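One structure is given below, encoded as structure tokens.
Any read-out appearing in this document is the output of simple, stated calculations on the displayed coordinates, not a laboratory observation. Since we're looking at a predicted model, the values are computed, not measured. Positions of Cβ are generated from backbone atoms using ideal geometry, with glycine treated the same way; all protein chains shown enter the neighbour counts.
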Amino acid sequence: MNAAVNVLVVGVGPHARLNHLPALAAAQDAGLAGTVTGVDLPHAAASAVEYGTPGWPRRMPVVPVEPFPASRRTLPGAARQVLEGLVEQERIGAVVVATEPSVHLPYALWAMERGLPVLLDKPLTVHPGASTDPGAASAIADDFDTLLDAYRAARRRDPLMVVSVLSQRRWHPAFRRVRELIGEVAEATNCPVTSIQSSHGDGQWRLPDELVDLGYHGFRDGYGKAAHSGYHHFDIVPWWLAAGERPGKEIDEIEVHAACTRPADFLAQLTVADHERLLPGFADRNPYTEQELHRLTAGFGEVDVFLNVAYRSRGQVMTLGSHSLAHTTFSQRGELHPVPGGLYKGNGRIGQETHIIQQGPFQALHLHILQTLHGDRDGIDRRAPGGADHIELHVFRNDRLYPGWERHCTLGFADLTAGSGPDAVLPTQRSARTCAVTEFLSYVTGRIPRAQMASDLADHRRPARLMAAAYLSMARRWRDGGRPAASAVLDFHPATASADRTDHALAALGVA
């Protein structure tokens, strides 16, 4: 067992401050993390970042690094020099990559080349214009191969090297319970998941001028909801489906049809005039006419996207999926002005997430995760665990065929909590994120074996390809003037199935 490891956090924006730093503070308390140092662009590195608890406040120094184009696949010399200096000076032993995802790739490649364990935020990568340019969309899939090749090379140099992807639903006890239930029925019946309906809405109400002026988790880089939080679904759905795969029924191909709304559609749903009527003061604040907004947001990324997916095995459909990812859902925003820093969290955002899974005639699972209150205006969630969240898993099973099965049971917050006492894992996203950070640092410090890691990079080929296919379909539809026939077909073998191929390039991307 090794001593606590010093951590470098690359990217200390609102996402890292809300999610990563509290988990790193808990890791420091547990003796897993030593010092924590940040790196960010000059405007974000003007002062140290405070984190931790009121009883134990901490300050993280932030070192500036100059921006570079998202098109770069390797770090420029100046950025590399800054990072190399920090690694030596601070004796860094692990890296958290939490930047804007369009620059995940060069930072992750640098860390792997340096032999530093990586906790990589989701999505793995994204490219500007992914929802309008088929080349940028397909590059998301290419990036995974690049990352995996670098990871394999790093592990050949050091077998203990690890890259873990912080897609926290893999640690969430409710999502784990769903996977176990799917596996149980597949073992008993040889039946895979035959259909799945998944939806996520985050209750964001971004006003017309904010579409242009607020960049954080925005749309102006040519991508949106699918890159903001869609990767959680792109990851968890194949992770569930894998639990139901049986010999001869392995999923090897996906066909994806995507339909999305963009800012122009949102401005048709709720016009500038509608906003002026609903929000006193908006007309005085908004500097843009309706025509200017349409011109300025042309080519912006998706606000909401709905996917229809066919998951095939040897040409036959094993699973039909519908995946609905929406910013525009019920919100409690009632104020004209957002908090400083944008609309990332708080500002009335109310989360709604549901999954309905059918496993042939044998099992149905309904998982519902609903918020009834939103966080404070600063975006920090100070709710008591389970107090304002509604989480419920309904399990239906065919007890006439299997009398030992229970026809229906309902599992609530307490039932879905894993463990007990201070080490209990609550069925919340915050608790799951803490588990992800704790597991990563526990492995790095030699406290757990690799076999216990839940989200190794090598297991993320399928979510990367599902995300690429979603954007490829969106981009083809945009390129073809909105024609509905634009679908994307990609092979869907897991990374292990293609590990022995001499050519690690992706199969050709086709149009169905």
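Key figures for this structure:
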{"read-out": "Given charges at beta-carbon only (K, R positive; D, E negative), |dipole| of the range 120-271 in Debye", "value": "500"}
{"read-out": "The range 166-263: translational diffusion in µm²/s, Stokes-Einstein, Kirkwood Rh over Cα pairs, 10 °C, 1.306 mPa s", "value": "99"}
{"read-out": "Net dipole in debye of the range 1-100 [+1 Lys, Arg Cβ; -1 Asp, Glu Cβ; about Cα centre; nearest 20]", "value": "100"}
{"read-out": "The range 173-424: relative contact order in percent, alpha carbon pairs under 8 Å with at least 6 residues between", "value": "26"}
{"read-out": "Dipole of the chain, positive end: most advanced residue of V237, P192, S331 [Cβ charges, Cα centre]", "value": "P192"}
{"read-out": "Under Karplus coefficients 6.51, -1.76 and 1.60, residue-wise ³J(HN,Hα) of the range 155-168 in Hz, glycine/proline x", "value": "6, 5, 6, 9, x, 8, 4, 9, 10, 10, 9, 7, 10, 5"}
{"read-out": "Rounded to 5, percent antiparallel among DSSP beta bridges of the range 1-65", "value": "40"}
{"read-out": "Relative contact order for the range 37-195, counting Cα pairs under 8 Å that sit 6 or more residues apart, in percent", "value": "15"}
{"read-out": "Whole-number percent relative contact order across the chain, with pairs defined as alpha carbons under 8 Å at least 6 apart", "value": "19"}
{"read-out": "Taking only Cα atoms of the range 173-424, radius of gyration then Dmax in Å", "value": "21.2, 67"}
{"read-out": "For the range 230-237, Karplus couplings with θ = phi - 60° (6.51, -1.76, 1.60), whole Hz, Gly/Pro x", "value": "x, 4, 4, 6, 4, 8, 6, 5"}
{"read-out": "Antiparallel %, DSSP beta bridges [both residues in the chain], to 5", "value": "70"}
{"read-out": "The chain, Rg to Rh (Cα coordinates; Rh as Kirkwood inverse mean 1/r)", "value": "0.95"}
{"read-out": "Efficiency of FRET from Cβ geometry, N308 and R277, R₀ 30 Å, rounded to 0.05", "value": "0.25"}
{"read-out": "J(HN,Hα) series, the range 302-309, from Karplus relation 6.51 cos²θ - 1.76 cosθ + 1.60, nearest Hz, glycine and proline x", "value": "6, 8, 10, 9, 10, 10, 10, 10"}
{"read-out": "Stretch gain in nm, segment R450-Y402, where the contour uses 0.36 nm per residue and the Cα spacing is subtracted", "value": "13.6 nm"}
{"read-out": "For the chain, size of Cβ-based charge dipole, Lys and Arg +1, Asp and Glu -1, in debye", "value": "600"}
